[in-house]
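Input: a single structure, listed below in structure tokens.
The values are calculated or read from the model by the stated rules, or taken from the named source; none is laboratory data. Note that the structure is a prediction, hence the values are computed from the model and not measured. Here the Cβ is made from the backbone with ideal geometry for all residues, glycine too, and neighbour counts use every protein chain on show.
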Amino acid sequence: MRRTSRIADAFAALRARGQLGIIPYLTIGYPQRESTLELVPALVRGGACAVELGIPFSDPLADGVTIQRASHVALANGVTVRFCLETAARLREQGVDVPLVFMGYFNPLLQYGLERFVHACVEVGVDGVIVPDLPPNESDELHALCRAAGRDLIFMVAPTSTDRHLREVAARASGFVYCVSLTGVTGARERLPDDLPAFLQRVRAVTALPLALGFGISRPEHVSQARGLVDAVVVGSALLDRLAGEPPEGQAAAAESFIAWLRQGADAVAPVGEGS
């Protein structure tokens with residue numbers, strides 16, 4: 001078991017460099033069953049500070065059309081929780097050293113066995129878990145298992161979160177807090193909400209953990225807008241949409257260039273058109 005958190009180390013490095021992190025999301029087993037093994041290293045080359053790996057589920061209620069479609073394809077490709085764990089292990093064997101965070105709904109993890117799942121995360125080198133349909137006041141078992149194993153259990157908060165919910169998350173979360181930018185499901189948007197700073201200030205008031213902003217991030221302008229408000233942004237649907245338009249042999253290059261394009265918003269004042 002790691003004595004320090006790979007996630008904490010990554011955010012500390014970002015702070016030391018004065019950088020905003022980019023955390024891309026991939027559904028494991030999409031577009032092809034083995035795609036993740038090529039796509040994750042490409043995302044790291046493009047500038048990802050961590051990678052969120054989605055465990056496909058038949059009813060991803062927090063996700064929009066793009067990730068629902070990706071989950072459907074991944075399930076049709078035969079992806080299971082065990083396959084997701086094996087994929088993470090192979091990524092570590094390939095030399096991927098950024099934090100890997102599973103994003104998965106509670107039912108598949110429960111069916112697999114929570115204790116078995118957390119122990120497997122330790123063995124394969126997964127650093128944290130996001131369970132979007134698990135509220136903090138029902139997370140006792142998984143929270144205790146993750147804490148004992150040195151894994152981060154990452155909770156989500158939204159603009160509609162009550163002050164009580166924010167305090168409950170602050171009391172249990174580790175690694176970072178996932179801030180949902182808007183009311184609704186995942187998916188690329190043209191612009192981020194105007195009231196975003198006020199929401200993020202509410203979250204900052206209750207926790208010293210790093211904040212990551214997700215849902216709707218799709219362009220360098222969005223990333224630039226997040227600078228100074230959060231420590232990282234999560235990009236999922238826009239990346240999956242980009243991959244859907246590429247032949248298999250071009251997907252890794254497309255993933256790398258997409259993250260490098262988004263990084264312009266993190267590193268520059270006035271990002272320009274996407275490179276390829």
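Key figures for this structure:
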read-out	value
Cβ pairs under 6 Å, 6+ apart, first in the range 258-276 and at pLDDT 50 or above, second in a helix (DSSP H, G or I) and of a type in the set (Val, Ile, Thr)	262/223; 265/223; 266/223
Residues that are touching a helix residue (DSSP H, G or I) at 6+ places or on another chain (Cβ under 9 Å), modelled with pLDDT of 95 or more and closer than 30 Å to residue 69 by Cβ, drawn from the range 174-199	175, 176, 177, 179
Residue in the range 29-48 that is crowded, with 18+ Cβ neighbours inside 10 Å, of a type in the set (Ser, Thr, Tyr), touching a residue at least 40 places away in the same chain (Cβ under 8 Å) and closer than 24 Å to residue 142 by Cα present	no
Enumeration of residues in the range 116-141 that are among the small types (Gly, Ala, Ser) and under 16 Å from the mean Cα position of the chain (by Cα)	125, 128
Subset of the range 208-217 that is modelled with pLDDT under 95 and assigned to a loop (DSSP other than H, G, I, E, B) - its residue that is surrounded by the most Cβ atoms within 10 Å (Cβ to Cβ)	217
Complete set of residues in the range 1-45 that are under 20 Å from residue 127 (Cα atoms), within 18 Å of the chain's Cα centre (by Cα) and hydroxyl-bearing (Ser, Thr, Tyr)	5, 25, 27, 36
Qualifying residue in the range 200-207 (condition: part of a loop (DSSP other than H, G, I, E, B), closer than 20 Å to residue 233 by Cβ, modelled with pLDDT of 95 or more and within 20 Å of the chain's Cα centre (by Cα))	yes
Unmet criterion (only one of (1) assigned to a loop (DSSP other than H, G, I, E, B); (2) buried (at least 21 other Cβ atoms within 10 Å of the Cβ)) for residue 169	(1)
Pairs, first part of a helix (DSSP H, G or I) and of a type in the set (Asp, Glu) in the range 1-17, second surrounded by 12 or more Cβ atoms within 10 Å (Cβ to Cβ) and modelled with pLDDT of 95 or more, C-beta under 9 Å, six or more apart	9/99
Top-ranked residue of the range 142-160 - restricted to ones that are at pLDDT 95 or above and in a loop (DSSP other than H, G, I, E, B), ranked as nearest to the chain's Cα centre (by Cα)	155
Of all residues in the range 61-80 being under 17 Å from the mean Cα position of the chain (by Cα) and of a type in the set (A, V, I, L, M), the one that is modelled with the highest pLDDT	70
